[in-house]
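Here is the structure we will look at.
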Amino acid sequence: MTTTLTRRLLLGAALALGLAGTAAAFPDRPVTLVIPFAAGGSTDVVGRIVADKMGAALGQQIVVQNVGGAGGSLGAQQVAKADPDGYTILMGTVATHALNPLILKQKPYDPVADFAPVSLLVLVPNVLAVNPQLPVNTVQELIDLAKKEPLAYASSGNGTPLHLSGALFNSMAGTEITHIPYKGSGPALTDVLGNQVPIIFDNLPSASGHIASGKLRALGVTTKERAPRFPDVPAIAETLPGYETYSWNALFAPAGTPPEVIAALNKAAVAAMADPAVVARMKDFSASIVASTPEELGAHVAAEMAKWEPVVREANVSLD
Amino acid sequence: MDLLNNLAMGFSVASSLANLLFCLIGVILGTLIGVLPGIGATATIAMLMPITFQLEPVSSLIMLAGIYYGAQYGGSTTAILINMPGESSSAVTAIDGYQMARKGKAGTALSVAALGSFFAGTVSTFLVALFAPPLTAVALKFGAAEYFSLMVLGLVMSVALAHGSVLKALAMVVLGLLLGIVGTDIYTGTPRFTMGITEYADGLNFVALAVGVFGIAEILRNLEDESDREVMTKNINRLFPTREEFREMIGPVLRGTGIGSVLGILPGGGAILASFASYTVEKKISKHPEEFGKGALAGVAGPESANNAGAQTSFIPLLTLGIPANPVMALMIGAMIIQGIVPGPNVVSEQPQLFWGIIASMWIGNLMLVVLNLPLIGLWVKLLSVPYYVLFPIIMAMCSIGVYSVASNTFDLYAVAFFGLLGYLMSKLRCEPAPLLLGFVLGPLLEENLRRAMILSRGDPSTFLTRPISLVILVMALAVLVLVFLPQIRKRRDEVFTESDA
Amino acid sequence: MSTRPTKPRDTTDLAAGLLLMAAAAFFGWQTRELEIGSSLRMGPGYFPMLLSGLLFILGALVALKSLGREDEPFGRIAWRGILFILPAPVFFGLTVRGLGFVPALFVTTLIAAQASVRMRPLPALGLAVAVTILSTLIFSYGLGLPFRRFGPWLGM
């Protein structure tokens, strides 16, 4: 058994180098990468950049398929039910593999039992920013102001990591900033830029252009450490110790996918994330590259679910 | 003379041989895919976007923009020829354009649409170049209260879309609003009217609705009696408008351009209203409002210009703020990020080549479209001589592919069948589909902004009156309401014994 | 379109009104489990409930106004069209993943082609073959859309 396994791995590696190709080795036809969000969003962007290079590493094209809907649940569900042969894989996120399973009353899939982790690709920080007309410059000033007068924050939607970043903020700071959900990050940003709503929790990539131009004042990033691209913006954790949220993107295959196939996919993903072009794009995108092993991703999913469970419960978010 | 310098730089970027070529390819591909029935601009861009990733950022966005105009133009062509709109804007074109086609004036309708679009595109491109930053500042003054009032104005105007009973048109708007609610409530996450089907959690697909109530209903109508009825007049007259028709289209084109340019700037869904608003205005000021719905030239010229102007000016929030005004623009943002451009206010200053290059290419793209499509009109019109029983199986195949390709959601295809049946039933009961469609696109925006405005004002409904822009729009809505109903009341008094209620 | 003299009632509008009322009742019934909230803090059920009520009233008005008016003929109904056109996209949806793009599209076109009495079997077959080949070339090969050409049900 082990010899065939090694042989397959070797064949996979040979194919990856473009040296040989037999019907037995994975992959012998294009792989479909399901992106559970609409084209143009941040997950789509990460997915397409990675798919291109991963395809090159695998020696087979990776076809991107956007299956948006229900906050990522539809696409995740589709991959959960797909044949466990490695030809259908998912670009999972904090939403599909931690938040939705906690929030949804009807569970369309099990984030642990239905999937075989491949690799945690990137971590994407979120940011707390305000319209410059709001007279606060630090997280502490915001907390003080919020305790004196009613404020509201915009997010990309109900049950999104950004909504919950705000919920976690409220619960840790003892504030009651009202949540205003939007249909995506774009409309939320518009209203904050126009000062219709003073505060926003957003993905750092989508807000970074506005922060750099001064149209938004960033009060803090949600990661434990400061973001390399914005060394002057403190981490919220510097004011509220222990505060940490971020979005992430990771590859999953359906549960039951043979280990050698997972290994081949992981190898290709890790190779793709080391590609200089991908590194440069991810840096522009303020995303930090992880490129983990399958086991690390499995542990990460468990840790994320444990972290968000109390926040979701406290914020009383639930979707049917 | 900054502007001239900038424009000159833009044109030098856009008119490099490679960029001209990509613009041309984009326009051609967009037209060819967009002209397939049931495949609108969003589906076309989603299909073609990956092709552009391999290119340089400027070339990639120029080609994508070309695909966008091309697809929009192609969509109008299908709306006119076979009553199959793939976008909310071309749904309005379908109302009178298709009637013109049935009267043998398909060529005129198509060339009016092309010329009107080109004119509108030219004017609004210059508007983008001249006023993008100040216009953005105005757009940002629109908050939830303003959008709510704007949507109310849109709803009031919708009544004028109907050419039959006003009462039934109102009922169709309300039915459309209810259908628009299907999906997840964004404030609480509660699913509404989804029957427990997760696939409808994001609402019903617009293309499925439009293809169903317009296109499939029309196919069924034509299949009612195949023996003694020809769908199209065989004697197709001239392809190009007469001098008189030219004169007739000037007013609508100018007004449509104005309306579309203004509404397109608003990132919160203003462009949706552009073609509907233009249609309403044209019908209201026309000396022959009874011709609307039966093939009025102004009913094609106005909305098509408004639509194209709105499409151009919706680039303003995209380019100056990095904010998408519609799903197509969201795709463009994705394309920018993939190309390593961080969208935001800095694009103008940090990437002037890109910014002005795209603006210049907008105009070039529009020029190419008109040059390409005027000769193609003859070809499109010839398609109508294909026997209908050959045409409609092709239509069904294409719209199945088109609807499925938007989100790979098979439930959207079931919705097509359902809405086909609904549309046919509506046509048998003489209820019109256009007000339904408007209600469908406005419904979610109306509710979303109403509830958001109420949360932001902490439950104070006077917010709609104390915010000046909102107040002005509401007064306008009231004025339209009076204009629509006053003649009717007067008419009712005069002709108590007639049965007309239109 | 023929005009037959009938009793003074607009059956078309009566039917329209009643159907609208039925639709309103359906939506209203579906709203019952949604939280209504208040005007100041609207729940998910507020707006739908309002609209259902409005639609019901409008339906009733349409129905009422139909009484005492001339009838207009309903016209023929395209039963054959309904029977073959509407199932076509449904079939495509049910089979595009299982059978794959090529066979699903072929059968879909074939089904739709049956809707016309003028379409003979052989030309229908020819048309379906042509549409399938061209669409596969354009969408699958040309544009590289992520459809499986032949799906798992065929054992490929």
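The values are calculated or read from the model by the stated rules, or taken from the named source; none is laboratory data. All of these numbers come straight from a predicted model, not from anything done at the bench. All Cβ positions, even for glycine, are placed from backbone atoms using ideal geometry, and neighbour counts span all protein chains on display.
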| Here are some residues: C:Leu110, C:Leu99, C:Leu18, C:Leu55. Which one is in contact (Cβ under 8 Å) with a residue 24 or more places away in the chain, part of a helix (DSSP H, G or I) and over 30 Å from B:Asp460 (Cα atoms)? | C:Leu18
| request: Please find, among C:Ala128, C:Ala115, the residue that is within 8 Å of chain B (Cβ to nearest Cβ), buried (at least 19 other Cβ atoms within 10 Å of the Cβ) and not in a helix (DSSP H, G or I). | output: C:Ala115
| said: Looking for something within 8 Å of chain B (Cβ to nearest Cβ), in contact (Cβ under 8 Å) with a residue 24 or more places away in the chain, in contact with a strand residue (DSSP E or B) (Cβ under 8 Å, 6 or more places away or on another chain) and over 30 Å from B:Leu29 (Cα atoms) - is there at least one such residue anywhere in the stretch C:58-71? | reply: yes
| field | Within the stretch B:321-348, tally of residues that are part of a helix (DSSP H, G or I), more than 7 Å from chain A (Cβ to nearest Cβ) and surrounded by 22 or more Cβ atoms within 10 Å (Cβ to Cβ) | value | 6
| task | Could you tell me whether any residue of the stretch A:107-118 is among the basic types (Lys, Arg), surrounded by fewer than 18 Cβ atoms within 10 Å (Cβ to Cβ), out of contact with any His (no Cβ under 6 Å at 6 or more places or on another chain) and in the same structural domain as A:Pro231 (by TED's automatic domain parsing)? | result | no
| task | Tell me, yes or no, whether the stretch A:185-194 has at least one residue that is assigned by TED's automatic domain parsing to the domain that holds A:Ala129, within 24 Å of B:Ile455 (Cβ to Cβ), assigned to a helix (DSSP H, G or I) and of a type in the set (Ser, Thr, Tyr). | result | yes
| said: Could you tell me how many of the residues in the stretch B:426-478 are within 14 Å of chain C (Cβ to nearest Cβ) and at negative phi? | reply: 32
| Can you name the condition, by its number, that B:Gly154 falls short on among (1) modelled with pLDDT under 80; (2) over 20 Å from C:Ala24 (Cβ atoms); (3) assigned to a helix (DSSP H, G or I)? | (1)
| message | Report every pair of residues separated by at least 6 positions or lying on different chains whose Cβ atoms are under 6 Å apart, first residue within the stretch B:270-295 and among the acidic types (Asp, Glu), second not in a loop (DSSP other than H, G, I, E, B). | response | B:Glu282/B:Pro252; B:Glu282/B:Ala298; B:Glu282/B:Gly302
| query | When B:Leu367 is evaluated against the numbered criteria (1) within 14 Å of chain C (Cβ to nearest Cβ); (2) of a type in the set (A, V, I, L, M); (3) assigned to a helix (DSSP H, G or I), which criterion, by number, is the only one it fails? | reply | (1)
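Conditions (1) within 11 Å of chain B (Cβ to nearest Cβ); (2) more than 13 Å from A:Ala95 (Cβ to Cβ), marked per residue:
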{"residue": "A:Asp44", "(1), (2)": "yes, yes"}
{"residue": "A:Ile49", "(1), (2)": "yes, yes"}
{"residue": "A:Ile62", "(1), (2)": "no, yes"}
{"residue": "A:Ser73", "(1), (2)": "yes, no"}
| field | Of residues in the stretch C:131-144 being β-branched (Val, Ile, Thr) and buried (at least 21 other Cβ atoms within 10 Å of the Cβ), the one nearest to the other protein chains (Cβ to nearest Cβ) | value | C:Val131
| request: Just need a number here: residues in the stretch A:112-170 that are of a type in the set (Ser, Thr, Tyr) and not in a loop (DSSP other than H, G, I, E, B). | output: 4
| said: I'm trying to understand the selection: among the residues of the stretch B:377-390, which are buried (at least 19 other Cβ atoms within 10 Å of the Cβ) and more than 7 Å from chain C (Cβ to nearest Cβ)? | reply: B:Ile377, B:Trp380, B:Val381, B:Leu384, B:Tyr388
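Looking at the stretch C:73-91 only, could you name the residues that are within 8 Å of chain B (Cβ to nearest Cβ) and in a loop (DSSP other than H, G, I, E, B)? Before the answer, list the steps.
Initially, the stretch C:73-91 is screened for residues within 8 Å of chain B (Cβ to nearest Cβ), giving C:74-78, C:80-82, C:85-90.
Selection gives C:Phe74, C:Gly75, C:Arg76, C:Ile77, C:Ala78, C:Leu86.
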| request: Name, by its number, the condition in (1) assigned to a helix (DSSP H, G or I); (2) surrounded by fewer than 22 Cβ atoms within 10 Å (Cβ to Cβ) that does not hold for B:Asn373. | output: (2)
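Restricting attention to the stretch A:201-235, report how many residues are in a strand (DSSP E or B) and either over 18 Å from the mean Cα position of the chain (by Cα) or more than 23 Å from A:Glu304 (Cα to Cα) (or both).
Taking the stretch A:201-235 as the starting set, the residues that turn out to be in a strand (DSSP E or B) are A:201-203, A:217-221, A:235.
Now drop any that are not either over 18 Å from the mean Cα position of the chain (by Cα) or more than 23 Å from A:Glu304 (Cα to Cα) (or both), which leaves A:217-220, A:235.
Counting residues in the stretch A:201-235 that are in a strand (DSSP E or B) and either over 18 Å from the mean Cα position of the chain (by Cα) or more than 23 Å from A:Glu304 (Cα to Cα) (or both) gives 5.
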| task | Might you let me know whether the stretch B:129-138 holds any residue that is out of contact with any Ser or Thr (no Cβ under 6 Å at 6 or more places or on another chain), surrounded by 22 or more Cβ atoms within 10 Å (Cβ to Cβ) and assigned to a helix (DSSP H, G or I)? | result | no
| Which ones in the stretch A:270-288 are modelled with pLDDT under 90, part of a helix (DSSP H, G or I), of a type outside the set (A, V, I, L, M) and surrounded by fewer than 19 Cβ atoms within 10 Å (Cβ to Cβ)? | A:Lys283, A:Asp284
| request: Return yes when B:Met172 is closer than 19 Å to B:Val441 by Cα, modelled with pLDDT under 85, in a helix (DSSP H, G or I) and more than 14 Å from chain A (Cβ to nearest Cβ) and no when it is not. | output: no
| query | From A:Val34, A:Val46, which residue is part of a strand (DSSP E or B), under 22 Å from A:Ala98 (Cα atoms) and modelled with pLDDT of 80 or more? | reply | A:Val34
| message | Quick check on this structure: which one of C:Gly93, C:Gly100 is crowded, with 19+ Cβ neighbours inside 10 Å, at positive phi and assigned by TED's automatic domain parsing to the domain that holds C:Ser135? | response | C:Gly100
| Restricting attention to the stretch A:168-193, which residues are more than 10 Å from chain B (Cβ to nearest Cβ), of a type outside the set (D, E, K, R) and surrounded by fewer than 24 Cβ atoms within 10 Å (Cβ to Cβ)? | A:Asn170, A:Ser171, A:Met172, A:Ala173, A:Gly174, A:Thr175, A:Ile177
| task | Would you please name the residue that is farthest from A:Ala253 (Cα to Cα), looking only at residues in the stretch A:75-85 that are among the small types (Gly, Ala, Ser) and facing another protein chain (nearest Cβ under 10 Å)? | result | A:Gly75
| remark: Just one listed residue, out of A:Lys267, A:Lys307, is basic (Lys, Arg) and at pLDDT below 90, and it is A:Lys307
| query | With (1) surrounded by fewer than 17 Cβ atoms within 10 Å (Cβ to Cβ); (2) among the β-branched types (Val, Ile, Thr); (3) not assigned by TED's automatic domain parsing to the domain that holds A:Met91 as the list, and A:Val233 as the residue in question, which single condition is left unmet? | reply | (1)
